[in-house]
1. Of all residues being crowded, with 17+ Cβ neighbours inside 10 Å and in contact (Cβ under 8 Å) with a residue 24 or more places away in the chain in the range 44-55, which is farthest from residue 121 (Cα to Cα)? Just the residue, please.
2. Does the range 64-76 contain any residue that is assigned to a loop (DSSP other than H, G, I, E, B), more than 17 Å from the chain's Cα centre (by Cα) and not acidic (Asp, Glu)?
3. I'd like the full set of residues that are free of Cβ contacts under 8 Å to residues at least 12 places away in the same chain, surrounded by 10 or more Cβ atoms within 10 Å (Cβ to Cβ) and within 20 Å of residue 7 (Cβ to Cβ), limited to the range 64-87.
4. Evaluate the following for residue 111: is it surrounded by 12 or more Cβ atoms within 10 Å (Cβ to Cβ), among the β-branched types (Val, Ile, Thr) and assigned to a helix (DSSP H, G or I)?
5. Identify, from the list 130, 109, the residue that is charged (D, E, K, R) and within 21 Å of residue 22 (Cα to Cα).
6. Could you please let me know if residue 93 is surrounded by 13 or more Cβ atoms within 10 Å (Cβ to Cβ) and either within 20 Å of residue 25 (Cα to Cα) or not acidic (Asp, Glu) (or both)?
7. Which members of the range 129-144 meet the condition of being modelled with pLDDT of 95 or more and outside any strand (DSSP E or B)?
8. Only one of these is in a loop (DSSP other than H, G, I, E, B) and modelled with pLDDT of 90 or more: 126, 122, 116. Name it.
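The values are calculated or read from the model by the stated rules, or taken from the named source; none is laboratory data. The model shown is predicted, which means the values in this text are computed figures rather than measured ones. With ideal geometry, Cβ positions are generated from the backbone for all residues, glycine too; neighbour counts draw on all protein chains shown.
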Amino acid sequence: MDKVTMTETIIAAKLSKGLSWEQMGKDLGMSPVWLTSACLGMNSAPADKAAAISDYLGLGSEISNALAAYPTKIWDQAVPTDPLIYRLYEIVGVYGETLKEVIQEKFGDGIMSAIDFSMEVDKIEDPKGDRVLLTLNGKFLPYKSW
């Protein structure tokens, strides 16, 4: 089974059971952000987590095998039109160079890992309108000279 079919099957099961990613993460003891990414095919799940997700949703071994398979991380290179995703592109477009400068000033020449990485999404209630708090936590990897 490919990752696209896996994702479609998982989302159909999730919807039919009336589940949220947050609830699934809590029930499975997994980060809902990581769980969602794995179920959308952008990360591989260790065999035990893949089996737990598949069992939780009442799906078979084809799903757990697909969850455990290494993904090819390819996405559309065009700027997306979905407003939420577009705004994230806009943030990187406007603040990307700034973040690079500030990170390298604090840490030196290098990058923030997206492999040794975690991310949290939180809701902050505010009388002026609720706020989205994204926390990106990546290990700093310095460039090496040889």
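1. Residue satisfying both the conditions and the ranking: 52.
2. no
3. 80, 85
4. No.
5. Answer to the check: 130.
6. Taking the combined requirement at face value, the residue does not satisfy it.
7. If the condition is that a residue be modelled with pLDDT of 95 or more and outside any strand (DSSP E or B), then 129, 130 are the ones that fit.
8. Result of the check over 126, 122, 116: 126.
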